[in-house]
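The values are calculated or read from the model by the stated rules, or taken from the named source; none is laboratory data. Keep in mind that what you see is a predicted model, and the values were worked out from it rather than measured. We place every Cβ from the backbone using ideal geometry, glycine too, and count neighbours over all the protein chains shown. Side chains included, ligands, DNA and RNA excluded: accessible areas come from the protein's heavy atoms. Shrake-Rupley method; radii C 1.70, N 1.55, O 1.52, S 1.80 Å.
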Amino acid sequence: MLNQVADGVWVRQSEWVWSNAIVVRADGGLVLVDPGIGGADLNELADDVERLGVPVVAGFATHPHWDHLLWHSRFGDVPRYATAACAEVASGARERARTMAAESASGIPLDLVALLTPLPADGGPVPGELVEHEAHAAGHAAVLLADRGVLLAGDMLSDVLIPLLDPRRPGQVDAYEAALDRLAEAARHVDVLVPGHGAVAEGPEVAARIAADRAYIDALRRGEEPVDVRLEQDWLAGPHQANLARRSAR
């Protein structure tokens, strides 16, 4: 079911890696951010959206990992946006994304995976401001809804995932530090943080998430073992493999 976390912002969390599908009310209708994750979840999300009685006008993918590139025909044949870099990567990796989706969850409409287009310069129907960075995945972007006090962080600032660096790209520690700087600035304007996976953070917990990830990255830079407790569970292939963790400090 949908849980309202702010005015015109709802979150539906799946059991699969605590994945958060986000529904945002925009001027012309609803924008679905990272909808997922299995076929049953997508169907139930469509039921929830229908009960809101507002049409879906667009989708938005925060980054080009397969679990953020999903869609369902019940959401409608509407534009699905991302940053230009994200859309480019998703297009080139579409077959791999479809394979990973088929292997990892059931009932996903594979023909609709990774069909993204670059967000227009004026933002189109997607409200708020994009906070684009290069941590975790190329073309990753958070969505700052400053007027509602909400930051949609994608796969950043989670309470169940450690900072996940992309081993295929150089300079990820620097990229992650720069991303945390940008997200910290954005977080000055919010009271609610919605990560792609894990619990919604409110109030002081928002700053605590940023501080925890900074400490993790600082430890990596010093060549030390970070203090997060790792759970030995392979839940995604590629950059997500064996990186599920709950923070020991929380």
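Scanning segment 169-200 for residues that are hydrophobic (A, V, I, L, M, F, W, C) and farther than 17 Å from ILE22 by Cα gives VAL173, ALA175, ALA178, ALA179, LEU180, LEU183, ALA184, ALA186, ALA187.
Of all the residues in segment 90-103, those that are within 23 Å of HIS133 (Cα to Cα) and either open to solvent by less than 30 Å² (accessible area, probe 1.4 Å) or of a type in the set (Asp, Glu) (or both) number 2. Of the residues contained in segment 33-47, none is found to be of a type outside the set (D, E, K, R), touching a strand residue (DSSP E or B) at 6+ places or on another chain (Cβ under 8 Å), assigned to a helix (DSSP H, G or I) and open to solvent by 10 Å² or more (accessible area, probe 1.4 Å). Taken over segment 95-112, the criterion of being free of Cβ contacts under 8 Å to residues at least 60 places away in the same chain, within 17 Å of SER73 (Cβ to Cβ) and touching a Phe, Trp or Tyr at 6+ places or on another chain (Cβ under 7 Å) is satisfied by ALA101, LEU112. Put simply, of ALA61, ALA6, ALA87 the only residue that is under 22 Å from GLY123 (Cα atoms) and either of a type in the set (Lys, Arg) or crowded, with 23+ Cβ neighbours inside 10 Å (or both) is ALA61. Restricting LEU144, LEU164, LEU157, LEU183 to those that are in contact (Cβ under 8 Å) with a residue 12 or more places away in the chain, open to solvent by less than 30 Å² (accessible area, probe 1.4 Å) and in a strand (DSSP E or B) reduces the list to LEU144. A single member of GLY39, GLY29 is closer than 25 Å to ASP122 by Cα and in contact (Cβ under 8 Å) with a residue 12 or more places away in the chain, and it is GLY29.
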